[in-house]
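This report concerns only the one structure given below.
Only the coordinates and a few stated rules stand behind these numbers; no lab work does. Quick caveat, the model's predicted, so the values are computed rather than measured. Neighbour counts are summed over all protein chains in view; Cβ atoms, including those assigned to glycine, are modelled from backbone coordinates with ideal geometry.
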Amino acid sequence: MDFSVSMENKVDFLKDLKALETVRIFFVWLKKWCAEKNVQVYSENVLLAYFSENAKNYKSSTLWAQYSMVKSCLIIYDNIDISKFPKLIAFLKRTGDGYQAKKSKILTKSEIDRFLSSADDKEFLMIKVGLILGIAGACRTDELVNSTVDDIEDVGSSLIVKIPNTKTKIRRIFVVTDVGNTLELFRKYLSLRPPHVKNKRLFLYYKAGKCSSQPVGKNTMGKITSVVASYLKLPDVACYTGHCLRRSSATLLADAGVDITTIKRHAGWKSTTVAEGYVENSIENKTKIANQVLVGTTTSAITKTVKMSKGIEI
C-alpha cells in the first residue's frame, strides 16, 4: 500500500475541524486504554482486545464507526493500516450478526400529497417548502439548513437547485417541477423574506404567516418530517427522523422502478450497499412485485393454454 497517497487523502479529510475533533476523541480513548494496560504497540491482538471490551457496551454500528476513526488516526500518526488486520475485521463483522439498525420511517407519496394540500400555509409553509426540496433532492438536514437563495434558480416551469457542499463531497443538482402547487408554495415563502435580511440562508424562521430574519437551525430542520407525521396523525412520530427525507426520496424512486444506479446518482451515494440501506422495503413495492409475479404466471398459463388448443407441442 502507498502510505504517502493514503496519508495525503486522510489529511485532506481531516482539514474539517469538526471531523478532526471527533476522530481524535476516539483515538485518545484508545491511547488511554493502552496506557492503562501498559501496551505500547498497536498490534492486531491489541486492537482485537480493545474492540472486544468495547463490544460489551456498544452496538455493532458504533464499533464500526470507532474502527473507522481509529483507522484514520493510526494511518496518519503511526503509519499503521489496521484494515489489513483480518482477525479484527472478522470480529467486527461477527458483532453485527443478527443486528438490525433502527431506521427512520418514510413518508409515502399519498401522505406527502395529503400534507401539502391540507395543512394550513399560515402555520406550515416553511415545513412544506422544506419537505418539497428535501424529497425532490433526497437532501440531508444540513444541506437544507445551509441552502441559500443563490443556490436555487427559478426558471418559470421548474426550480433548479444546486447543493455545492455535501457530506460525500459530490456536488449535486436537482430539479423541482411544478407538480400540484409546489412552485407556488416556494414562491410564496420566498416572497415573505424580510427585505433587510443580510444573510442569504434560504430557510428563515416562520410563524403566523411571517418570516423573521433568524435562520432555521439544524434541530428545527431535522424535525420537519416528525411535524408532518404529527399533523397526519401517523403512529410512532418520533421515528420520523432527519433521515426520513432521504429514505422517502430513495424509496419513492425505487417504487417507481428506478434502478439503483440512478438512485445513487440522485442522492450522491458512492456505495451501492449504503444506497440500498436507505430504500424501504415498502408494502407498495412488495405489492408491485407480487402483481408482477402473478401476472407473469397468468400470462404463462394463458400462453400454454393457447398453444395446447392449437395443437402446438409444448
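Taking the radius of gyration and the Kirkwood hydrodynamic radius from Cα positions alone, what is the Rg/Rh ratio for the range 36-133, to two decimal places?
Across the range 36-133, the Cα-based Rg/Rh ratio is 1.30.
Total Lys pairs in the range 109-170 closer than 26 Å by alpha-carbon, pairs eight or more apart in sequence or interchain only?
Lysine pairs, 8 or more places apart or on different chains, close enough: 5.
I need the phi-derived Karplus couplings for the range 254-267: 6.51 cos²θ - 1.76 cosθ + 1.60, θ = phi - 60°, integer Hz, Gly and Pro marked x.
Values per residue, Gly and Pro as x: 5, 5, 7, x, 6, 6, 5, 5, 5, 5, 4, 5, 5, 8 Hz.
What does the highest-first list of 36-48, 267-279, 224-236 look like by mean Cβ count within 10 Å?
224-236, 267-279, 36-48
Rounded to the nearest 20 Debye, what is the dipole magnitude of the range 14-131 about its Cα centre when Lys and Arg each give +1 and Asp and Glu each give -1 at the C-beta?
Approximately 260 debye in magnitude.
Which peptide among 180-187, 247-254, 203-210 comes first, and what is the full order, when sorted by highest mean count of other Cβ atoms within 10 Å?
Ranked from most to least packed, the peptides come out as 247-254, 180-187, 203-210.
For the range 183-283, count the residues as N, evaluate 2.2 N^0.38 Å, and divide the Cα radius of gyration by that value, please.
Against the compact-globule rule of thumb, the ratio is 1.32.
Pop out the ³J(HN,Hα) list for the range 144-154 in order, Karplus 6.51 cos²θ - 1.76 cosθ + 1.60 with θ = phi - 60°, rounded to Hz; leave Gly and Pro as x.
5, 4, 8, 5, 10, 5, 6, 7, 10, 10, 8
In whole angstrom, and with the biggest value first, how far do the Cα coordinates of the range 133-245 range along each principal axis?
Answer, in whole Å and largest first: 38, 36, 28 Å.
Would you please give the residues with an amide H less than 5 Å from that of Tyr205, counting only those at least 5 places away or on a separate chain, with H modeled from the backbone geometry?
Under 5 Å from the amide H of Tyr205: Ser212, Gln214, Val216.
Which cross-chain or sequence-distant (5 or more) residues have an amide H under 5 Å from the amide H of Thr148, H modelled 1.01 Å from N in plane?
Leu202
With θ set to phi - 60° and the Karplus curve 6.51 cos²θ - 1.76 cosθ + 1.60, what are the ³J(HN,Hα) couplings of the range 107-119 in order, to the nearest whole Hz, using x for Gly and Pro?
Once rounded to whole Hz, the list reads 9, 7, 4, 5, 5, 4, 4, 5, 5, 4, 8, 10, 5.
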